[in-house]
């Protein structure tokens, strides 16, 4: 029998030259449309943090929402969206991060977490690590405890994990 990780990896579709020429895009939509595969992904990510009390899951826009919400439900935790600028209605705090050409930023509500809250950050993909690092910094700005960060996919050649050394436990289900 093929192991669970191989089963999930087989459901990921490779799309050549998307979003631009020379890029091999790992399309997760073919995996998450299958209910059993989605369940395996959520169960796997939750299992990696079963020994840690989690108060909140912080899902990074937008695919972190896909995994973060069911994880929060399963782990009896709240869910907090980490959004692009000007998407949240109340007072926010923000964190800039580097892109290949320029900068961008993400935000959370200022009152998203409190001192001592245990927070797990979740996203679909770890590439260069810029967005994930910014999300980790946001959590820390609130005084909350960052317990870790979880991903479905990690693109190891891009060395994003190196930026996340101060982000607690780092988990990725699939490595390319």
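What the table below lists for this structure:
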| quantity | calculated |
| --- | --- |
| Selected residue [modelled with pLDDT of 95 or more and either more than 19 Å from residue 164 (Cβ to Cβ) or in a loop (DSSP other than H, G, I, E, B) (or both)] from 136, 46 | 46 |
| Checking residue 88 against (1) under 18 Å from the mean Cα position of the chain (by Cα); (2) over 20 Å from residue 49 (Cα atoms); (3) assigned to a loop (DSSP other than H, G, I, E, B), the condition it does not meet | (1) |
| Of the criteria (1) closer than 17 Å to residue 169 by Cα; (2) at pLDDT below 95, which one residue 100 fails | (1) |
| Test: residue 58 is crowded, with 21+ Cβ neighbours inside 10 Å and farther than 20 Å from residue 166 by Cα | no |
| Scan of the stretch 139-162 for residues that are in contact with a strand residue (DSSP E or B) (Cβ under 9 Å, 6 or more places away or on another chain) and part of a helix (DSSP H, G or I), ordered by number | 139, 140, 141, 156, 158, 160, 161 |
| From the options 120, 125, 99, residue that is closer than 22 Å to residue 166 by Cα and buried (at least 23 other Cβ atoms within 10 Å of the Cβ) | 120 |
| Hits in the stretch 95-112 (condition: over 24 Å from residue 144 (Cα atoms), assigned to a strand (DSSP E or B) and out of contact with any strand residue (DSSP E or B) (no Cβ under 8 Å at 6 or more places or on another chain)) | 99, 102 |
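The values are calculated or read from the model by the stated rules, or taken from the named source; none is laboratory data. Keep in mind it's a predicted model, so treat the numbers as computed, not measured. Cβ sites come from the backbone with ideal geometry, for glycine too, and all protein chains shown count toward neighbours.
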